[in-house]
Amino acid sequence: MASASASAVPRRAPARAATSTSAWRQPPVAIVGMAVLLPGAPDLDTYWWNLVGGVDAITEVPPGRWDPVFYDPSAASGPARADRIYCRRGGFVDDLAYVDPVRFGIPPRDVASIEPDQLIALRVASAAVEDAGGARRLGDLGKVGVIFGRGGYLGAGMVRLDQRLRAARQLVDTVGALLPALGQDELDRIRAAFGEQLGPEAPDAAMGIVPNLAAARIANRLGFGGPAFTVDAACASSLVAVDSAVAELASGRCDTVLAGGVHHC
């Protein structure tokens with residue numbers, strides 16, 4: 001799920017420094033573009049009509065999304081277990097979240113090593129810019145900032161990296177301890193087979209899983225030179241991103257700020 005808005009300070013209302021005789025007044029801020037990707041809504045128009053029509057976008061877990069073995073309705077009343085979940089409904093964007101990497105200058109071979117939320121945020125940010133009339137309408141691109149709310153939650157890319165570096169070693173050590181008759185060649189083959197299931201290893205995979213690159217990748221791909229960073233305030237992350245964007249505009253450091261939030265797991 002992701003949302004983004006481009007906000008700007010009208011040039012006719014520059015910020016004024018506070019003085020001892022007159023209270024500082026924040027200049028007005030205009031929202032000049034918006035975009036979303038939400039469950040049941042690939043764009044802003046669909047989201048609006050879903051709201052008007054009272055559409056419930058919470059659905060059953062799509063086939064193949066989770067292993068059914070983890071679903072256990074009795075876990076709702078028992079002690080918490082990390083390997084069981086009692087709910088099988090949620091908000092999903094699986095069929096809506098396609099991103100054309102070539103459009104943004106990203107080689108297709110690199111996609112597997114990039115956290116999905118980075119690509120989703122890039123797509124939605126680009127749509128917000130288009131909704132604002134395109135980058136040419138944003139003024140000096142060197143003063144366009146990007147601030148995104150993004151929690152430090154475990155993503156698919158980080159899980160794969162952990163499995164490749166730690167879980168594979170733990171698996172081989174455990175198998176070797178349980179089956180001491182196995183030689184090193186057999187253990188090496190087990191580790192190699194485990195790694196193959198994780199997919200190819202990209203040399204620059206680390207860049208695709210750094211959380212704050214969700215904002216930096218947007219700035220890099222869209223050519224913005226202002227501050228680019230993420231904020232994490234749990235469920236309030238997007239609100240904090242917007243508040244931070246307004247502060248950047250009021251200070252004069254930015255003429256336009258792309259603010260929003262993304263969460264995908």
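The values are calculated or read from the model by the stated rules, or taken from the named source; none is laboratory data. All of these numbers come straight from a predicted model, not from anything done at the bench. For neighbour counting, all protein chains shown are included, and Cβ atoms are generated from backbone atoms with ideal geometry for every residue, glycine included.
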- Conditions (1) assigned to a loop (DSSP other than H, G, I, E, B); (2) at pLDDT below 95; (3) in contact with a strand residue (DSSP E or B) (Cβ under 7 Å, 6 or more places away or on another chain) -> Pro200 fails only (3)
- Item | Which numbered condition Ala181 misses (of (1) on the phi < 0 side of the Ramachandran plot; (2) in contact (Cβ under 8 Å) with a residue 24 or more places away in the chain; (3) not in a helix (DSSP H, G or I)) | (2)
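Okay, residues lined up against (1) at pLDDT 90 or above; (2) part of a loop (DSSP other than H, G, I, E, B):
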| residue | (1), (2) |
| --- | --- |
| Ser5 | no, no |
| Arg11 | no, yes |
| Ser74 | no, no |
| Gly78 | no, yes |
| Ala97 | no, yes |
| Val102 | yes, no |
- Quick check: anything in region 195-206 in contact (Cβ under 8 Å) with a residue 24 or more places away in the chain and closer than 30 Å to Pro27 by Cβ? no
- Task: Can you confirm whether region 152-171 contains a residue that is closer than 29 Å to Pro39 by Cα, of a type in the set (Lys, Arg) and either surrounded by 12 or more Cβ atoms within 10 Å (Cβ to Cβ) or in contact (Cβ under 8 Å) with a residue 12 or more places away in the chain (or both)?
- Result: yes
- May I ask you to verify whether Phe229 is outside the structural domain of Ala132 (by TED's automatic domain parsing) and among the aromatic types (Phe, Trp, Tyr)? no
